[in-house]
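Down below is the structure, laid out as structure tokens.
The values are calculated or read from the model by the stated rules, or taken from the named source; none is laboratory data. Everything numeric here is computed off the predicted structure, so don't read it as measured data. Backbone-built Cβ (ideal geometry, glycine too); neighbour counts: all protein chains shown. The area values use the complete protein model at the heavy-atom level, side chains included, leaving out ligands, DNA and RNA. Shrake-Rupley method; radii C 1.70, N 1.55, O 1.52, S 1.80 Å.
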Amino acid sequence: MQGMNSPQQEAVRHTEGPLLVLAGAGSGKTRVIIEKIAQMVQKGRYPAHRIAAITFTNKAAREMRERLAKRVRGDAAEGVRICTFHALGLNIVQIDHAKLGLKRGFSIFDPDDVMAQFKDLMPGADKDALYGAMNLVSKAKNLALSPEKAAAYAKSTREKEGAHWYALYQERLQAFNAVDFDDLIRLPLNLLETDDEARAAWRERIGYVLVDEYQDTNDAQYRLLKALAGEQGQFTCVGDDDQSIYAWRGANPENIDTLARDYPSLRVIKLEQNYRCSNRVLRAANALIANNPHTHPKQLWSEAKDGERIRVWECNDEAHEAEKVAAEIQFMATKHGAPWSDFCVLFRGNHQSRAMEKAMQMLRIPYHLSGGTAFLERQEVKDILSWVRVMVNPDDDSAFLRAVQAPGRGVGQTTLAKLSELARNKHLSMAHAIASISVLQQLPTRASNALDQFNETLHQLRQYATQHPPDQVIRHIAERSGLLAQIRSECKNEQLFTLRKNNVEELASWFEGGKGQGIADLASQLALFSRNDKDDAGNQVRLMSMHAAKGLEFRFVFIIGMQEGVLPHEASLEEGRLEEERRLLYVAITRAKEQLWMSYASGGKKWGERVTRLPSRFFEELPAAELHRDGLDPEADKARSQERSENALANIRAMLGR
Ligand SMILES: Nc1ncnc2c1ncn2[C@@H]1O[C@H](COP(=O)(O)OP(=O)(O)OP(=O)(O)O)[C@@H](O)[C@H]1O
Ligand SMILES: [Mg+2]
């Protein structure tokens, strides 16, 4: 346990009974989890495959796997399950699908599929009504309620309405042999809470559970943890109530107290030394968060140097702000000889990245926008995945509808609507219906020929998939479906074609070396990868939302858009969620190891009109002694601008090779 402090060591050693590590940012909570797994495996306390570590994102899971692999020599830690709650849930649903009324190869509906179903269920409904209904259903699912229970418990008209949509929607999922993301928690939970045999089997499979970012678990996830960890509570949870930033998505920070209530023998360990941030950054973060009420008071101190003061910039507008930030990044990178990946720009909402991207492009600074290029949302990727889905799950009408139109084969919407009706009358899915001559006979000849051919192609692809590795299957689908030919015809030049073809290739590479897993399993795992996850950014500046930055750390951090209405966000003010906004800023500040910048745009445009903006109220909560407001200290500014121009000259000389 090289270099670990004594409460950290204690947390690592405590393996009998439930443990909660409750501690502030950068105090080594995640490190405790990694060290603990390493020791458990090395000491043979648990075999690797009986340990499960739950992270908040797939990306965090990958990072943990890498750090563990470095820590434990050989492949001793290889069998450890490191995944998100959803991936664990998927695993349970895959193994026990029959008990849950699902057939093998079931589909996972993404939010777009779900939306399409609601549109179909609620014809003519506007966006608000659709999202309203979806949210109600999601809420019921996160409370692990079945449609029947949701109806029984519903009190208000709104809840009754929600229960009504839930029942109809669930009927469809059932018919399509599909689940949505919420089901990946709800179904395993129902299984483990009601089926003794299944619970015993899963406790045998998983002997010890570790949970990172525990403050952001929702109720269903908490119950899943409880069901797995048993009465003895063989778990370690680590978290920080000050970093709870997902209450808006159903996370329940009170789960921290629930833990103590449900497990009277719970041991709570606090870590107080921060190993990440410079002292100034830490003092600013502590001062800010002191404005929130605290049920679990914490001290956080650091041995690190004071470091530079936090630089605060008032900018004219977003563009000006972005230019300043980009120029500073370039300056700092040269000054410190630092790689681009040491820099991170954080913002409240994704739309704020646009000006920033533009400024980075102007200065030719390589950057990576998390969640920006949503790989799984690219057209060709979705198209191919819909083929995979309908191949392995012919009940999936949602995937059928996409695949049959990718590429288009002259089957119009009217025909598809007719097909859907015929299929429904015969209690068949659409993919099954087109295999029936009596159905095809009732459709226009041209369309029925096209559908017959589609059916034949599906059949051949299924055959192919039984004899070839998954990545090859993906390439074959692209070819055989006619998608590749269509993409070629759509692209005006070779460059564009290569770009889109590379997406297909990238998808294929996802399916490579899947440890003997079939295409169905791999496709469902892929469905879980959310937009933030495919982050192999390499040496590039990171641009990301504050939410996405949870758990990460960077030498240099810029927080932009610190004006009223953006941070705190307008909507959160109206809904009385100021404390959560403060926690969000606390998370953002504590990402900085060495130096921090905060900026705001005092002007901007709204609906085309010029408006003035006030700096965020949170500035007033930061200790003035730790801040340096540019423009208010002329001497310091002068010295800095001198340094900057010398630096620029040096750059030019270097470029000219002198
Ligand atoms: N005992 C220690 N000695 C030196 N460095 C440490 C020690 N413990 C943790 N660190 C380092 O401190 C940094 C923060 O650790 P870690 O990410 O585990 O903190 P955390 O509590 O999980 O933070 P967050 O709340 O942001 O998730 C990491 O760079 C880690 O390697
Ligand atoms: Mg952490």
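On the stretch given as the stretch 280-315, residues that are at pLDDT below 90 and touching a strand residue (DSSP E or B) at 6+ places or on another chain (Cβ under 7 Å) total 2.
Among the residues of the stretch 168-180, none qualifies, meaning not one is of a type in the set (A, V, I, L, M, F, W, C), within 16 Å of ligand 2 (Cβ to nearest atom) and not in a helix (DSSP H, G or I). For the residues A326, A333, A359, A304, the requirement of being more than 27 Å from the chain's Cα centre (by Cα), surrounded by 16 or more Cβ atoms within 10 Å (Cβ to Cβ) and part of a helix (DSSP H, G or I) singles out A333.
Here's the yes/no breakdown for (1) touching a strand residue (DSSP E or B) at 6+ places or on another chain (Cβ under 6 Å); (2) of a type outside the set (F, W, Y); (3) crowded, with 21+ Cβ neighbours inside 10 Å:
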| position | (1), (2), (3) |
| --- | --- |
| F85 | yes, no, yes |
| L90 | no, yes, yes |
| Q94 | no, yes, no |
| S107 | yes, yes, yes |
| M115 | no, yes, no |
| A125 | no, yes, no |
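Within the stretch 177-212, restricting attention to residues that are in contact with a Ser or Thr (Cβ under 7 Å, 6 or more places away or on another chain) and acidic (D, E), the residue that is nearest to A150 (Cα to Cα) is D182.
Out of the residues in the stretch 6-55 that are away from ligand 2 (no atom under 12 Å from the Cβ) and among the basic types (K, R), which is nearest to T236 (Cα to Cα)? By that ranking, first place goes to K36. Among the residues of the stretch 167-177, is there at least one that is more than 16 Å from ligand 1 (Cβ to nearest atom), surrounded by 18 or more Cβ atoms within 10 Å (Cβ to Cβ), aliphatic (A, V, I, L, M) and over 24 Å from L271 (Cβ atoms)? Yes, some residue in the stretch 167-177 is more than 16 Å from ligand 1 (Cβ to nearest atom), surrounded by 18 or more Cβ atoms within 10 Å (Cβ to Cβ), aliphatic (A, V, I, L, M) and over 24 Å from L271 (Cβ atoms). Restricting the stretch 578-607 to residues that are out of contact with any strand residue (DSSP E or B) (no Cβ under 6 Å at 6 or more places or on another chain) and open to solvent by 60 Å² or more (accessible area, probe 1.4 Å) leaves a set whose member that is modelled with the highest pLDDT is E579.
Beta carbons closer than 6 Å, at least 6 apart along the sequence or on distinct chains, never pair a first residue in the stretch 480-502 that is closer than 16 Å to S386 by Cα and open to solvent by 50 Å² or more (accessible area, probe 1.4 Å) with a second that is of a type in the set (S, T, Y) and outside any helix (DSSP H, G or I).
One line per residue, one yes/no per condition, for (1) open to solvent by less than 20 Å² (accessible area, probe 1.4 Å); (2) in contact with a strand residue (DSSP E or B) (Cβ under 6 Å, 6 or more places away or on another chain); (3) without any contact (Cβ under 8 Å) to a residue 40 or more places away in the chain; (4) more than 25 Å from F511 (Cβ to Cβ):
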site	(1), (2), (3), (4)
Q453	no, no, no, yes
H459	no, no, yes, no
R462	no, no, no, no
V473	yes, no, no, no
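Of all residues in the stretch 557-577, none satisfies the criterion of being surrounded by fewer than 16 Cβ atoms within 10 Å (Cβ to Cβ) and modelled with pLDDT of 95 or more. Pairing residues of the stretch 21-48 that are at pLDDT 95 or above with residues that are within 16 Å of ligand 2 (Cβ to nearest atom) and among the aromatic types (F, W, Y), at Cβ distances under 8 Å and at least 6 apart in sequence or on separate chains, gives A25/Y586; G26/Y275; S27/Y275; G28/Y275.
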